[in-house]
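Here's the structure, in structure tokens; my notes come after.
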2 protein chains.
Amino acid sequence: MDPHTTVDDAPTGDDVGGELPGRPRRPALSTLQRASAPGSDKPPTIYDVAKAAGVSHQTVTRYLRGYEGIRPATRERVVAALEELDYRPNLTARSLTTGRSHRIGALTHEIDKHGPSNIAQGAAAAARRAGYVLDIFTLDMSDPRSIRDTLKMLRQHDLAGILALTSTDEMTRAIEAAKFTVPVYLGGEPDETPTEHSELTGIGFPALVDHLAGLGHRSFLHIAGPATWPAARNRTQAYEDAVAARGLRSAGVLPGDWTARSGHDAVAALGEDLGATAIVAANDQMALGAMLALRRRGLSVPGDVSVTGVDDIPDAAYFAPPLTTLRVDFAAQGRNIVDGLLAQIDGRPPVRSITPHSELVVRESTGPVPAA
Amino acid sequence: MDPHTTVDDAPTGDDVGGELPGRPRRPALSTLQRASAPGSDKPPTIYDVAKAAGVSHQTVTRYLRGYEGIRPATRERVVAALEELDYRPNLTARSLTTGRSHRIGALTHEIDKHGPSNIAQGAAAAARRAGYVLDIFTLDMSDPRSIRDTLKMLRQHDLAGILALTSTDEMTRAIEAAKFTVPVYLGGEPDETPTEHSELTGIGFPALVDHLAGLGHRSFLHIAGPATWPAARNRTQAYEDAVAARGLRSAGVLPGDWTARSGHDAVAALGEDLGATAIVAANDQMALGAMLALRRRGLSVPGDVSVTGVDDIPDAAYFAPPLTTLRVDFAAQGRNIVDGLLAQIDGRPPVRSITPHSELVVRESTGPVPAA
DNA sequence: TATCGGATTGTTGCCGGTAACATGGCGGTG
DNA sequence: CACCGCCATGTTACCGGCAACAATCCGATA
């Protein structure tokens, strides 16, 4: 917002007025008297609990931290006081003093899309189970300055770690440039080396191509996702590997951007002869668009051309025709990302057990190759 | 997790081991010497900045808070020091002392659905613009205990406010029961009184019904969303009002749950005679399912039956046939929710300017009533 | 029964920032 | 030229929790 200084939080900040308002300080009381009046709206602190229990605040802390060496009688009084006051630790204060936080910054863009939002869902659930909270930061990938600003802002939020729910090359670069001091974990699908393909995202493509080959298809078209997404590259690579490994023919890779529109336009732009009897789209939306484009060309699915997707979004089973696709468990991916980050935070060995169950779901959009 | 005590953070907590690890304390130095060594990995504090500028830390704070009465020469030194050290305020410490935080707790469930995730997207963007961060808390609506636990947990996170991205009756009840001390804002679509319909979600239904009536349709079926969602009730109500106001006939309201499956099953379960020539679904997914069910009955869309949705999800333009629907701007809804909450936080008058541009988008799923 | 040592518990100080209060310096006035 | 008052800045205290260190307490041993 303020191009000529890096300290953009200064006088241009949100809470900066001439008035320096602030909340009224609580009247100065000695530490001993300041216990909350019962009806006080302020949540109780360990000092309140300590006073109620007739012990020192440190004893309360010890109990809370799980320290064993507390005499049963004392412990009981503490427990009773905690319960009576319904004490909940103030995590802000705790973070300040321990230097550890329980927040994970989740970078995302296009969270409105099926994959990212389900990854977020899974990640949020996994984080919560581990006692963490996900702070969502949406990046505007179209504006490099805004990305830098957002990433800079992350630094003041004392996060336990940062993860990218979905990674694109731009995001990867921006994150590397930001040089975070906390652990960073790049999620989504990482780039894979060829040998790993068969175990990872590629797991489904062999099955998918086998399915099509079993129906007599010999020549295929692929509609790819945007090349800046590792996930898209992986899928394209897996497609090409699977086709080549079976001695079949790929008639081409059409560029797409995950949207139904791009799938439609890619097919609409093809010449008279498709050169293939089956279209393997890198996600369900593009498959949907492709099917519409085929129909508009007067071709029937699967009568003339078979079409497949990837993801198995809930709607895919109700497309016209219902879509044959590879089911991807995004929630599991989200969990995996969080697990990976937490391992890094705790200094445990990286888990890296990403096995996105990519399962073939056969529906009506694939059928026998036409008699020609 | 621990049913017999409300203080479930105690010895069962995540970071509680016998060891009481904690990070190593920084060696005890006097306040004056503890300035960060240049290569220190700890971010600079106002004390570091103050030392670098040769002023007291309070002067630095004053500058940061926008205080005017600083002599230009002093101010310059502070600015220079801030820039040199690339200082960023520690928001945790700031929150602790001010008692104000800049985090908003966003409650959600089913964030994987189009509406909720786009609302989240808009809300996150709006929050960030206002200097806030969205903490996402996903509720497992199927487990009342887990809901209570989650809501309790919110209390220790010192949030500036809490908002429900989408509201269902269960969520509303749970939130009311939690008795938060911070502002709470229920988003999604609130229940509306009949008079407001025409200005709110209802805005599109008159246009939609006009469109269908103009094509000759006189009798309609509605596929509703789950009755526990205010948004679903609003849409059903708006549908019924619009139909009744035109002297047309509603042949029935079928229950759905937002999914394509429910739309499909609702139509599949109908008797031989639909009793209507147009189906108005409460969202696009259910419309999609309905279209498939119609086709399986041997009915063509729009030849025999016209179908409409609500939302205009990106895929809707590529359904077979492309869907006539009401476009809803969920991102704007998200922004509105955040604005409403921020107004409440700041004690400003409630804005309540929810005008979800619900715009009719005519595509190919609606057509003239069949000649009979 | 006095002493010793580990087990318990209390006291003090710090995290990084902000607010209240205190102080030094300057100019203006009588 | 002394005094007053305001301006600019410094000093101290505190938010709520945690940890180092200090001070008790208790039982067991000599």
Once you have a ≥ b ≥ c as the square roots of the Cα gyration tensor eigenvalues for segment A:99-186, tell me rounded if a/c is under 1.5, and otherwise prolate or oblate according to whether a/b is larger than b/c. oblate
When Cβ neighbours within 10 Å are restricted to other protein chains, what is their mean count per residue of peptide A:318-329? 3
Would any residue of segment A:297-316 have its amide N under 19 Å from a label point 7 Å out along Cα→Cβ of A:ALA207? List them or say none. A:307-316
Teacher prompt: B:ALA268 distances to equivalent labels in other copies, 7 Å Cα→Cβ, nm: 3.2
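Within 10 Å of each Cβ in B:127-139, how many Cβ atoms from other chains are there, averaged over the peptide?
5
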Compute the label zone of B:GLU176 within segment B:326-342: residues whose backbone N is under 20 Å from the point 7 Å along Cα-to-Cβ. B:341
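At R0 = 51 Å, how high is the FRET efficiency between B:ILE70 and B:THR228 if r is their beta carbon distance? Nearest 0.05 is fine.
Calculated value: 0.35.
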Would you order A:SER358, A:SER117, B:SER95 from fewest to most other beta-carbon atoms within 10 Å of each residue's own beta-carbon? B:SER95, A:SER358, A:SER117
Other-copy label distances relative to A:ARG297, 7 angstrom Cα-Cβ extension, nm: 3.4
So, R0 is 60 Å and r is the distance between the beta-carbons of B:ARG246 and B:ALA125; what FRET efficiency does that work out to, to 0.05? 0.95
By the mean-Cβ-within-10 Å protection proxy, highest first, A:303-312, B:140-149, A:134-143 rank as A:303-312, A:134-143, B:140-149
Burial ordering of B:MET291, B:MET153, B:MET171, fewest other beta-carbon atoms within 10 Å first: B:MET153, B:MET171, B:MET291
How many Cβ atoms of partner chains, on average, are near each residue of B:154-160 if near means within 10 Å of its Cβ? 4
In the structure shown, of A:LYS51/B:LYS152; A:LYS42/B:LYS152; A:LYS42/B:LYS51, the pairs separated by more than 27 angstrom at the C-alpha atoms are A:LYS42/B:LYS51
Find the relative contact order for segment A:224-372 and round it to a whole percent, using C-alpha pairs within less than 8 Å whose residues are 6+ positions apart. 19 percent
Rounded to the nearest Å, what's the spacing between the alpha carbon centres of segment B:45-96 and segment A:71-127? Just the number, please. 31 Å
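We did not get these values from a lab; they are worked out from the coordinates using the rules stated. Because the structure is predicted, anything quoted here is derived from the model rather than measured. Counting neighbours? That spans all protein chains shown, and the Cβs are built from the backbone with ideal geometry, glycine included.
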